[in-house]
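Since the structure comes first, as C-alpha cells, the remarks are kept for the end.
Please treat every number below as a calculation from the coordinates, not as lab data. None of these values were measured; they are calculated from a predicted model. Here the Cβ is made from the backbone with ideal geometry for all residues, glycine too, and neighbour counts use every protein chain on show.
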Amino acid sequence: TGSCVDCPEGYYRSSQKCFVCTGMPSNGISCRQPSLCNRCVDGYYVDASRSFTCAKCASHCLTCVSSSYCYSAVDGYYVIYGLIGTSTGQIQPCSSPCATCQGDAKRCLSCNKGYSLNGTQCLSDSRC
C-alpha cells in the first residue's frame, strides 16, 4: 500500500494510500470503504438503503440504478423511451426475428439465425 492518486478495482483510497476492499460481496467491483460498494457487476446496482451492498436489477436488465429502473437491457430486450426521448427505465422484449433491438421492438440491430439485417429490419434468408 503506497501513495497513489487512483486505486485499482478492488481497492479504496484513504490518506493517499490504497487499501484492499475487505468484506465486499463477490458482485461488487469497487468500494469507497472496506465493505461499502460503489460499483457492482452488470445485473446489480449499489443499494444505499442496504449498507451500500449490491442488489439485483430486474430480470433482463443489464445495468440499473434501482430494482425497477434500467439503463440498459440484455440481448433480446430494449429500454423504452418516452415521448421526449428520455428513458422510462422499463424494458420490453424485441420482436422476433430481431435478436437485438434498440428503442423499439421492431428496430433491429441484429437478427436471429435464418434472417439477415436490412437497415433496421430482419428479412428471411429463404425469401426469393
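Selection over segment 110-122 of residues that are assigned to a strand (DSSP E or B) and over 21 Å from THR63 (Cα atoms) gives a count of 7.
Would you pick out the residues in segment 65-80 that are among the β-branched types (Val, Ile, Thr) and under 18 Å from GLN102 (Cβ atoms)? Within segment 65-80, VAL74, VAL79, ILE80 qualify. Contact annotation: residue pairs with Cβ atoms under 8 Å, 6 or more positions apart or on different chains, pairing a residue in segment 29-44 that is β-branched (Val, Ile, Thr) with a partner that is not in a strand (DSSP E or B), are ILE29/GLU9; ILE29/GLY10; ILE29/VAL41; VAL41/ASN27.
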